[in-house]
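Below: one structure, written as structure tokens.
The values are calculated or read from the model by the stated rules, or taken from the named source; none is laboratory data. None of the values given here were measured: they were computed from a predicted structure. A quick note on method: Cβ atoms are made from the backbone with ideal geometry, for glycine too, and the neighbour counts reach across all protein chains shown. Quick note on the areas: whole protein, heavy atoms, side chains included, nothing else; ligands and nucleic acids left out. Shrake-Rupley method; radii C 1.70, N 1.55, O 1.52, S 1.80 Å.
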Amino acid sequence: MTMTSNINDSLAGAISLALKELYGIEQQPADVVLQETRRDFKGDSTLVVFPYVKQARKSPEAVAAEIGEAVKKALPEVSGYNVIKGFLNFEIADNYWLQFLAEKASDPLFGLAAVDAKAAPVVVEYSSPNTNKPLHLGHIRNNLLGWSVSQLLAAAGANVKKVNLVNDRGIHICKSMLAWLRYGNGETPESSGMKGDHLVGKYYVEFDKHYKDEVKQLMESGVEEEQAKREAPLMVEAQQMLKRWEEGDKEVRALWEKMNGWVYAGFDETYNRLGVGFDKVYYESQTYLLGKELVQKGLDMGVLFRKEDGSVWCDLTGDGLDQKLLLRKDGTSVYMTQDLGTALLRHNDFGAERLIYVVGNEQDYHFKVLKLILGKLGFSWADKVYHLSYGMVELPNGKMKSREGTVVDADDLIDEMEKTAEEMSREHGKNDELCEEERKHLYHILALGALKYFILKVDPTKNMLFNPAESIDFNGNTGPFIQYTHARIRSIVRKAGDLSEFSTLNSQFSIGEKERGVLKVLHSLPDTITAAANAYSPAMVANYAYDLAKAFNSFYQDTPILREENAQLKAMRVSLCAAVAGALKNTMNILGIEVPERM
RNA sequence: GGCUCCUUAGCUCAACUGAAUAGAGCAUCUGACUACGGAUCAGAAGGUUGCAGGUUUGAAUCCUGCAGGAGUCACCA
């Protein structure tokens, strides 16, 4: 006998049938809600019968008992049931769990859906940095989320394409360029020994400093603040530079290319360390013109309008919003203009089923407007745009502020984590067999395991607090705890050698509570991945991996595995170990976290 | 000020579409090692789920009001 369906599906089907036969209640199997039986009660799967008692015209206890009896008769996998108030707890036979282990959980790809490469892709945009300063903690959450959500959707069967949209043009870039010209003395990454993105960032800060001085001086000479900000010579010059850039001025373009090149080299290094990547990279410098064309089209269609000063707007007052600027009076484009263009381009490039944007919740308004304007421009696919809006990262002493120097730099943070991982490993590790290079790699994956898990375990939609001290913790609900569990299991499996696969046919044993506990967590993996993908929530996967590791550790602590004398039982336990290791590896992989063989 | 979101143990976080006694980790305290890897496990303590109402057989979850916090309302991105 081979297993065809999941026990919960069987239960739902049988319950649906029983409801109809006993009480004439029409309830589709898909609508039958089953939940895991709470630890304190006997059973594996629970049906709450309260919703049916009114129609059944019987007491909750009676309804539960009648359904229980009918389901038990219908399904051989149900070994029994018990009723407590309106809760019907089904008990699932050992054989079901053993068969599940042998036939499903042992598959290295258990829980992962096959990807149809021909299906319309789901395009995930994430990272999308500005090229005027290096990546910081906020970008880290974005990058980890983007990568992980992509992995997650793929695990659920989607044909995912990861894209990055580099914001390589605009007034902010001009600020860095201008400051470098003025104050840089020809400094380069080579001459300074600085990473390119950090060097350019330094001049962005430099601009701000001098600009503020100018504003202050103007105000002291009696100019109003607003006017001073607008008319400070540095600002005027930066704007002129942007204009020259848009006109294709050779000198400006050459400098722009040089400095952006520095930044890209720096970014690539950071992306590599974070273990993220893209299928396609867009540059706004190559796409913003399309946005301008769209604006012209909108004007022709009459859904946009031009003001007297020449600026172009979209009127959204009918949608309860404001008017939105799309082109400045000097004809240069703004953020929204570009995003309109890139959305169209991306739609044309991929014929996407969904366009997902991993962008912070500070831009909720922007995306609301983006979808509205796309709709007004007549694009039926506007509703395929999905803003995966994630919360801000805060520090124990409040928000990150560049002015106050509280920005946590991505590269520094990774350095810190790696140092700590090395210290921890030297103290606790069992890695004598590893060579120097392997050890370096180990420190790296432990450091990133800690960092990634710390960030991804939190519900993406919520703001989170990043406590540096806790993020490098290796105990409790952390990445390294799960990595450790994996390494330990792999050690057992290696020692077990090639035990012949256990067979459920002649198994002469019953499974213990701890084993059943682990099997049940394993069993819920496919459902967890589906639910997590629907919710775009790597956090659900992270918490799953932790639950599995904990269930396993508890089992491991008081159950002999290699010391077990009953060969069948031993084989089953080794098989269980291997299955858990596989599930940990796959779920951590969704989070972008590598698991080591030893640590 | 308008709009959006948030508030769960001392701290950081869970709780899938409303269901049994709201769960973990950290920190604190107590146990378990000549170990199939102790970076572990077992246990104790810790809660009026911001406050006040309402809907429901049943509310952390849904509705209303209030308080506190965040974001946004740019010719920045």
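Per-residue Karplus couplings for segment A:279-286, computed as 6.51 cos²θ - 1.76 cosθ + 1.60 with θ equal to phi - 60°, are listed in order as 7, 8, 10, 9, 10, 4, 4, 9 Hz, Gly and Pro entered as x. Here segment A:55-119 and segment A:326-387 have alpha carbon centers that stand 45 Å from each other. Our coupling estimate for segment A:101-107, obtained by passing each phi through the Karplus curve with A = 6.51, B = -1.76, C = 1.60 and θ = phi - 60°, is 4, 5, 9, 10, 5, 6, 5 Hz, Gly and Pro reported as x.
Carbon and sulfur together cover what percent of the accessible area of chain A at a 1.4 Å probe radius?
Its accessible area is 49 percent carbon and sulfur atoms.
Backbone amide hydrogens, once placed in the peptide plane, bring A:Phe110 within less than 5 Å of nothing, excluding anything fewer than 5 places away on its chain.
Dipole magnitude for segment A:169-277: about 240 debye, using +1 per Lys or Arg Cβ and -1 per Asp or Glu Cβ, origin at the Cα centre.
Distance from the C-alpha centroid of segment A:512-574 to that of segment A:398-424: 34 Å, rounded to the whole angstrom.
Phi-derived couplings, Karplus 6.51 cos²θ - 1.76 cosθ + 1.60 at θ = phi - 60°, listed residue by residue for segment A:477-483: 7, 9, x, x, 4, 6, 4 Hz, with x used for Gly and Pro.
Based on protein heavy atoms only, chain A ends up with 47 Å² per residue of surface accessible to a 1.4 Å probe. Taking other residues whose beta carbon is less than 11 angstrom from the beta carbon of A:Leu255, and scoring Lys, Arg as +1 and Asp, Glu as -1, yields +1.
Candidate cross-link partners of A:Lys54 among the lysines, defined by an alpha-carbon separation under 24 Å and a same-chain spacing of 8 or more, comprise A:Lys20, A:Lys72, A:Lys85. For segment A:218-346, lysine pairs with C-alpha atoms less than 24 angstrom apart, excluding pairs fewer than eight positions apart on the same chain, total 23.
What's the FRET efficiency of A:Glu353 with A:Glu237 using the Cβ-Cβ distance as r and R₀ = 35 Å, to the nearest 0.05?
Efficiency computed from Cβ-Cβ geometry: 0.15.
Charged neighbours of A:Gly80, selected by a Cβ distance under 9 Å, balance to +1 (K, R count +1; D, E count -1). Bridgeable lysines around A:Lys550 (alpha carbons under 26 Å apart, same-chain partners fewer than 8 residues away excluded): A:Lys42, A:Lys104, A:Lys430, A:Lys452, A:Lys457, A:Lys462, A:Lys495, A:Lys514, A:Lys520, A:Lys570, A:Lys585.
Multiply the residue separation of A:Met392 and A:Glu404 by 0.36 nm, subtract the distance between their alpha-carbon atoms, and state the gained length in nm to one decimal.
2.5 nm
The residues packed around A:Thr332, meaning those with a beta-carbon under 14 Å from its beta-carbon, carry a net charge of 0 if Lys and Arg are +1 and Asp and Glu are -1. Extension gain for the segment A:Lys250 to A:Cys435, taken as residue separation times 0.36 nm less the Cα-Cα distance, is 61.4 nm to one decimal. Dividing the summed -39500 (n - 2.57) terms of all DSSP H runs of n ≥ 4 by the residue count of chain A sets its mean residue ellipticity at 222 nm at -18000 deg cm²/dmol. The longest stretch of chain A left intact once loop-based GluC sites (Glu not before Pro) with at most 14 other Cβ atoms within 10 Å are removed from consideration, loops following DSSP, is A:27-186.
Using the Cβ-Cβ distance between A:Val281 and A:Asp213 with R0 = 51 Å, the FRET efficiency computed as 1/(1 + (r/R0)^6) comes to roughly 0.85. Using the Cβ-Cβ distance between A:Gln323 and A:Asp415 with R0 set to 56 Å, the FRET efficiency works out to roughly 0.75.
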